[in-house]
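Encoded as structure tokens, the structure appears first; notes follow it.
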Amino acid sequence: MLEFPHDLHTHSAYSDGVGGVGDNVATAEVRGLRVLGISDHSHYLTGRAFNRYIREVRRWGEESGITVLAGVEANITPGGVDVAAGMVEKLDYVTASVHLWMNDPEEYVELVKGALLDENVDVIGHFGASFPHIGYPDEESLRELIGLAEANGKAFEISSRYRVPDLGFIRECIRRGVKLVFASDAHRPRDVGNVSWSERVFKKAGGTKDDLLLGEFL
């Protein structure tokens with residue numbers, strides 16, 4: 001049983017997931033989550049699709065006994081984060097992630113720096129997922145990112161799917177007061193709430209409810 005039962009990164013058929021929003025909510029309820037975030041990819045949610053998405057997430061939030069939040073997972077690109085201000089006004093949060101393939105870890109870091117300075121971004125998603133393949137940035141670069149997150153009130157997700165960030169990074173976030181969230185990155189309803197690794201490494205790093213972005217709901 002999770003001590004901090006939440007999952008802020010799940011996908012539905014509104015983007016590249018295979019289940020409906022209601023399916024994700026149902027799994028979250030069965031698994032005892034208190035907070036569920038629906039965070040479909042922003043580039044799928046254009047025009048009327050976005051409005052339908054918001055309406056459906058809100059409807060399930062009203063019908064469910066848990067807190068259901070409307071989010072998106074935006075792409076961090078060299079041109080910025082691909083979420084429009086008009087979308088942000090209707091959302092509870094924006095997670096921004098690097099999905100481009102970088103050949104140099106410092107290029108990756110520079111993209112994340114831009115997202116940390118973007119007022120529309122709340123959470124950085126699966127930070128470092130590609131480092132095992134492209135190499136790791138130096139400690140100075142990592143400390144700079146955590147400092148930017150601290151200065152700009154941003155959070156990092158702890159991704160059970162990719163098992164990132166590492167323990168040292170999470171410890172430094174906690175030490176600096178940078179908030180954290182748990183994330184399954186589920187693309188199927190049955191994977192919603194699979195955040196045991198997130199909680200385990202968070203607690204190993206010394207994290208408490210006060211270190212979580214949504215601690216007041218838990």
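Those residues that are closer than 18 Å to residue 20 by Cα and of a type in the set (Asp, Glu), I need them from segment 45-92; list them, please. Scanning segment 45-92 gives 56, 62, 63, 73.
Exactly one residue out of 114, 86 is of a type outside the set (Ser, Thr, Tyr), part of a helix (DSSP H, G or I), surrounded by fewer than 22 Cβ atoms within 10 Å (Cβ to Cβ) and in contact with a strand residue (DSSP E or B) (Cβ under 7 Å, 6 or more places away or on another chain), and it is 114. With respect to the conditions (1) charged (D, E, K, R); (2) in contact (Cβ under 8 Å) with a residue 24 or more places away in the chain; (3) outside any strand (DSSP E or B), residue 157 lacks only one, and its number is (3).
Tell me whether segment 196-203 contains one or more residues that are of a type in the set (Gly, Ala, Ser), in a helix (DSSP H, G or I) and without any contact (Cβ under 8 Å) to a residue 12 or more places away in the chain. Checking segment 196-203: not a single residue is of a type in the set (Gly, Ala, Ser), in a helix (DSSP H, G or I) and without any contact (Cβ under 8 Å) to a residue 12 or more places away in the chain. Residue-level analysis places residue 185 among those that are at pLDDT 95 or above, touching a Lys or Arg at 6+ places or on another chain (Cβ under 7 Å) and over 22 Å from residue 144 (Cβ atoms). Among the residues of segment 120-136 satisfying the criterion of being open to solvent by 30 Å² or more (accessible area, probe 1.4 Å) and more than 17 Å from the chain's Cα centre (by Cα), which is farthest from residue 173 (Cα to Cα)? For segment 120-136, the residue satisfying everything is 133. Take segment 161-187 and flag every residue that is touching a helix residue (DSSP H, G or I) at 6+ places or on another chain (Cβ under 9 Å), open to solvent by 20 Å² or more (accessible area, probe 1.4 Å) and in a loop (DSSP other than H, G, I, E, B). 161, 163, 166, 177, 179, listed by residue number.
Each row is one residue, and each column tells you yes or no for (1) at pLDDT below 95; (2) open to solvent by 20 Å² or more (accessible area, probe 1.4 Å); (3) in a helix (DSSP H, G or I); (4) of a type outside the set (Phe, Trp, Tyr).
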| position | (1), (2), (3), (4) |
| --- | --- |
| 50 | no, no, yes, no |
| 57 | no, no, yes, yes |
| 69 | no, yes, no, yes |
| 75 | no, yes, no, yes |
| 90 | no, yes, no, yes |
| 101 | yes, yes, no, no |
| 107 | no, yes, yes, yes |
| 118 | no, yes, no, yes |
| 142 | no, yes, yes, yes |
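For beta carbons closer than 8 Å, sequence separation of 6+ or different chains, a first residue in segment 166-184 that is in contact (Cβ under 8 Å) with a residue 60 or more places away in the chain and a second that is open to solvent by 10 Å² or more (accessible area, probe 1.4 Å) and among the polar types (S, T, N, Q), the qualifying pairs are 182/160; 183/160; 184/160; 184/194.
The combined condition, being surrounded by fewer than 19 Cβ atoms within 10 Å (Cβ to Cβ), at positive phi, more than 14 Å from the chain's Cα centre (by Cα) and not basic (Lys, Arg), is fulfilled by residue 32.
Between 46, 27, 95, the distinction of being of a type in the set (S, T, N, Q) and in a helix (DSSP H, G or I) belongs to 27 only.
The values are calculated or read from the model by the stated rules, or taken from the named source; none is laboratory data. Not measured: the values here are computed from a predicted model. Reconstructed Cβ throughout: ideal geometry from the backbone, glycine too, with neighbour counts over all protein chains shown. Surface accessibility is based on the protein's heavy atoms, side chains included, excluding ligands, DNA and RNA. Shrake-Rupley method; radii C 1.70, N 1.55, O 1.52, S 1.80 Å.
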